Amino acid sequence: MRELMWSVWPLLAVIGACVAWARLRPARTSADDAWVWRTDLALALAVAVLYGVAAGFLMPRFDLTGGDYVEVDFAGYCRSLGALRDNSLKDWGVKHSVMTGLLLLGPTRAIGLLGALTVGALVSGGVFGLGIYLWARVAAGRVAGIWAVLFTLANQSLVWLSRSPSFYPETTAACVLGTAGVAASLRWRTPRAVLAGGCGVGLILATDVRFFNIGVWAFALLMLAVLAGPPRQLPIRALAAVAPIALSWWVVFYGHQAVMGHVPGPGAVRQAAGFLNDVQGFPRYEILPRPKGIDFVWGVDAPWAAPIAFLELLHLGASVPASAGELTSPVMAREAYLNPWLPLIGLAGAGALCMLPRRPWALLAALAPTAPFLANLYLVFHTLPHGRHYPLGMSAVPVILAVGLAAAGGERWSRAPALILGTFLAAGIFDLVPAYLAPTSPWRQPETARNRVYDSLARATGAPPVPNLVNEWPTGEDAVACVEALGPDVAAGHLWMPFSDVPVKPDPTPTKRWLFETPPEQNADETTPESAK
């Protein structure tokens, strides 16, 4: 019986029974789930806090092994943030948005680089949960929003964000929150809803040049919302849509997003080409220099050049050989992280079509913004499936599941079946009962947390070295700059490493930087903490 509970069939049976119940006895209230500020704002904030706590502290014990941090090019983020703290962008990594770093500037000065990146990931987890909730709530109601958050907690790739000391949590959260604004503009098409969509597009485009495709698609949907509303309000809607986008471009232009001094870094097309050039069998793609090329950086290039760059991104994606997806790495990644979700995604997509006859704009608000997310998901799982690339595309999956489930049950669920289904989902997700979505389900493969480089960089400031980490000792330009940036934190006593499984007590008067000198030979059995062996 226990083995049966791990399979998808019991979950589908419960979903089917609750959907049938909801259709037989629907709620008697209006199907138009109108936005009520007092109710919706309070619920959204409560959901954000609860999701942030669950994703940051409860689920990682299941989803991460070998430590509590996942290191993603940590030295590069450490280097960039340290440069920003010191009012110099000479060491800023050109791939990343300065705007993202500005969010962490205050915490960096208060608790140091290590703590700021960690706290930033935890807080961004709550913002990400807020965006997921709002996106699903706008399209299919409050119950769908809560279900979407539950499905998000069941997705390892998304929980991973809350423990990633990088800029991925902040940028992904901004992207999802911005998409929720665009969904609102499609759903209601009023001046205030369109203003939310304009703010969303501006947020996406300002966050990171690598989200350019999502921003351009969101802009196209926003223009559809502007044109589809009542004709007499067209000028107001157009102004509400364009004003925040223009402000975003202006702020980025003067804030030098992805621009060092006045020299632009790689934009959307060059980033994509560099990524695909690592794919086995992909024809090497040459990007012309910026003055003659088709690269695009928001806040630097003219906005009307965006469609050309977007078409070039589509061309790049279409150029990937089909054989790339049959390599061992993509196949294993799909089997571990994507295929288990496909039965639910297929049924949810079919269920969402139930909204088409009477609520077409709600369906459009739910599914249309997912297009670039799903395209990203397909590209990653068929080219270079690195763990840090999953979350952006996977962000659309909980929304599709929740909206499809809500739509399959009719226009409005009554409380009883909605509560029963939500309770069943929560019990499985939090491992209270054996279930397909439980974190201990046999198909799960916990991510291996790699906090060793993170810890080694801290020791390189003068803390006692751990001999068995010598093979993982950080090297390269980013690591050297990161260690230099950590120096002021050591002096200020800000070498804070929450969640680390290797305790570090830095020497207050360090005499060596082990990054540059060979650590002395020591007996690992006597000097290495047990958790580091």
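Cβ separations smaller than 7 Å between residues 6+ apart or across chains give the following pairs from the stretch 308-327 residues that are in contact (Cβ under 8 Å) with a residue 24 or more places away in the chain to residues that are among the aliphatic types (A, V, I, L, M) and outside any helix (DSSP H, G or I): 309/294; 312/294; 320/279; 324/279. Taken over the stretch 264-274, the criterion of being assigned to a helix (DSSP H, G or I) and either in contact with a Leu (Cβ under 7 Å, 6 or more places away or on another chain) or crowded, with 19+ Cβ neighbours inside 10 Å (or both) is satisfied by 268, 269, 270, 271, 272, 273. Somewhere in the stretch 139-150, is a residue within 13 Å of the chain's Cα centre (by Cα), part of a helix (DSSP H, G or I) and in the same structural domain as residue 345 (by TED's automatic domain parsing)? No, that holds for no residue. Kindly indicate whether any position in the stretch 294-310 is farther than 17 Å from residue 209 by Cβ, at pLDDT 85 or above, surrounded by fewer than 17 Cβ atoms within 10 Å (Cβ to Cβ) and aliphatic (A, V, I, L, M). Within the stretch 294-310, not a single residue is farther than 17 Å from residue 209 by Cβ, at pLDDT 85 or above, surrounded by fewer than 17 Cβ atoms within 10 Å (Cβ to Cβ) and aliphatic (A, V, I, L, M). Taking residues in the stretch 233-246 that are without any contact (Cβ under 8 Å) to a residue 40 or more places away in the chain, and partners anywhere that are of a type in the set (A, V, I, L, M, F, W, C), the pairs with Cβ atoms closer than 6 Å and at least 6 places apart or on different chains are 238/226.
Could you please let me know if residue 34 is assigned by TED's automatic domain parsing to the domain that holds residue 126, without any contact (Cβ under 8 Å) to a residue 60 or more places away in the chain and outside any helix (DSSP H, G or I)? When the stated conditions are applied, residue 34 passes them.
The single residue among 371, 336 that is touching a residue at least 60 places away in the same chain (Cβ under 8 Å), out of contact with any Cys (no Cβ under 8 Å at 6 or more places or on another chain) and over 23 Å from residue 136 (Cβ atoms) turns out to be 336.
Yes or no, residue by residue, for (1) modelled with pLDDT of 85 or more; (2) of a type outside the set (Asp, Glu); (3) under 27 Å from residue 219 (Cβ atoms); (4) assigned by TED's automatic domain parsing to the domain that holds residue 205:
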position: 277; (1), (2), (3), (4): no, yes, no, yes
position: 280; (1), (2), (3), (4): no, yes, no, yes
position: 285; (1), (2), (3), (4): no, yes, yes, yes
position: 323; (1), (2), (3), (4): yes, yes, no, yes
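Screening the candidates 313, 347 for the property of being out of contact with any Lys or Arg (no Cβ under 8 Å at 6 or more places or on another chain) and surrounded by fewer than 21 Cβ atoms within 10 Å (Cβ to Cβ) yields one hit, 347. Kindly evaluate residue 159 against the criterion of being surrounded by fewer than 24 Cβ atoms within 10 Å (Cβ to Cβ) and either more than 30 Å from residue 411 (Cβ to Cβ) or at pLDDT below 95 (or both). No, not satisfied.
Checking the stated criteria, residue 163 turns out not to satisfy the condition of being of a type in the set (D, E, K, R) and over 27 Å from residue 388 (Cα atoms). Restrict the check to the stretch 203-213 and report whether at least one residue is surrounded by fewer than 24 Cβ atoms within 10 Å (Cβ to Cβ), in contact with a helix residue (DSSP H, G or I) (Cβ under 7 Å, 6 or more places away or on another chain) and modelled with pLDDT under 90. The answer is yes, given that some residue of the stretch 203-213 is surrounded by fewer than 24 Cβ atoms within 10 Å (Cβ to Cβ), in contact with a helix residue (DSSP H, G or I) (Cβ under 7 Å, 6 or more places away or on another chain) and modelled with pLDDT under 90. Residues of the stretch 417-433 being assigned to a helix (DSSP H, G or I) and not polar (S, T, N, Q), which ones? Listed by number, the residues that qualify are 417, 418, 419, 420, 421, 422, 424, 425, 426, 427, 428, 429.
Put simply, of 132, 146 the only residue that is of a type in the set (A, V, I, L, M), modelled with pLDDT of 95 or more and surrounded by fewer than 24 Cβ atoms within 10 Å (Cβ to Cβ) is 146.
Might you let me know whether the stretch 222-235 holds any residue that is β-branched (Val, Ile, Thr) and within 24 Å of the chain's Cα centre (by Cα)? No.
For the stretch 265-285, which positions are more than 14 Å from residue 321 (Cβ to Cβ) and of a type outside the set (Lys, Arg)? Listed by number, the residues that qualify are 265, 266, 267, 268, 269, 271, 272, 273, 274, 275.
The values are calculated or read from the model by the stated rules, or taken from the named source; none is laboratory data. Just so it is clear, the structure is predicted and the values come from calculations on it, not from any experiment. Backbone-built Cβ (ideal geometry, glycine too); neighbour counts: all protein chains shown.
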